[in-house]
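The values are calculated or read from the model by the stated rules, or taken from the named source; none is laboratory data. All values reported here derive from a predicted model rather than from experimental measurement. Every residue, glycine as well, gets a Cβ built from its backbone with ideal geometry; the counts of neighbours run over all protein chains shown.
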Amino acid sequence: MASGEHAHPRRQRPPVGGERTPLPPGLDLLWGRRQRGRRGPRPALSVDSIVQAAIAVADAAGLEAVSMARVAAQLGFTTMSLYRYVTGKDELLQLMWNASAQGAAELHLGGEGWRPKLRNWAIIQREAIDRHPWITQMPMAAPPVGPENMLFVERGLEALDGTGLADRDKLRVIGVLSSYTLSEARMAHDTARAAARAGAAAVSAQPVSAWTFDALLRELVDQRTYPRLYRIAWSTPTTGDKPGHDEYEDFLFGIDRILDGVQALIQQAQ
């Protein structure tokens, strides 16, 4: 949720007996360990404005459309002027991911008890990804660790207060839910992007079939070789809806089954 000028460093106690270890580029800016660029061709340029412009580009055209040059053009500045504030695209991506979690500090998870709260936490994460599908295209070398990202994790851990789970197991639960949510969202949005490309190709007289999974099963599996898949394929009613119309229901089914497992883990810990 927040980045740029609003991503003030969290108050931390300096390590005893020495200098802080330098953070990687991007994280040092997010956590207030690096001086923000303030000298630019015009004072209107800021880390916040750069990040918001990059998000606007990604929302409209996907992550592949984000470049320092395009963001600079969006803002009406030269590309070089951005480098006074952001070291490059990799750092910009970190700032964007942190900004996508804006509002985590004020997040309230409704419901009584850990289960509805944690379910809402996963749904809120999915809604954020649906607002910014480019999140599913982000490099995944490591989990995001910006201050707003960490606040969102903190809210998920808070939902597990009083369950009796060990802190490490709580973090594992959050990791499983988050990975599942990101994976399901990625598949849904990849499907949507493929359908959009198929539609564009059809308009340009290059028809491409936009297959759904159910339609592919019916086309490809025969009853003798794949009896179970065949039964599933032909027992599902066709509704004529657009591809992926069941996807969100399937996503919630998966969340509930993960939470069943968490319930069993809690019972073991008691």
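Check whether at least one residue in the stretch 184-206 is modelled with pLDDT of 90 or more, closer than 15 Å to residue 115 by Cβ and surrounded by 15 or more Cβ atoms within 10 Å (Cβ to Cβ), and report yes or no. Checked the stretch 184-206: no residue is modelled with pLDDT of 90 or more, closer than 15 Å to residue 115 by Cβ and surrounded by 15 or more Cβ atoms within 10 Å (Cβ to Cβ). Tell me, which helices (runs of 4 or more DSSP H) lie completely within the stretch 77-145 with 3 or more residues that are at pLDDT below 95 and farther than 17 Å from residue 29 by Cβ? Where helices (runs of 4 or more DSSP H) fall fully within the stretch 77-145 and carry at least 3 residues being at pLDDT below 95 and farther than 17 Å from residue 29 by Cβ, they are 114-131. Of all residues in the stretch 153-168, those satisfying the criterion of being buried (at least 17 other Cβ atoms within 10 Å of the Cβ) and farther than 23 Å from residue 106 by Cβ are 163, 165.
Just wondering, is there one or more residues in the stretch 94-103 that are free of Cβ contacts under 8 Å to residues at least 40 places away in the same chain and either out of contact with any strand residue (DSSP E or B) (no Cβ under 8 Å at 6 or more places or on another chain) or assigned by TED's automatic domain parsing to the domain that holds residue 152 (or both)? Scanning the stretch 94-103 turns up no residue that is free of Cβ contacts under 8 Å to residues at least 40 places away in the same chain and either out of contact with any strand residue (DSSP E or B) (no Cβ under 8 Å at 6 or more places or on another chain) or assigned by TED's automatic domain parsing to the domain that holds residue 152 (or both). Taking every residue in the stretch 35-60 that is modelled with pLDDT under 90 and pairing it with any residue that is surrounded by fewer than 20 Cβ atoms within 10 Å (Cβ to Cβ), at least 6 positions away or on another chain, the pairs with Cβ-Cβ distances below 6 Å are 37/84; 40/81; 40/84; 41/81.
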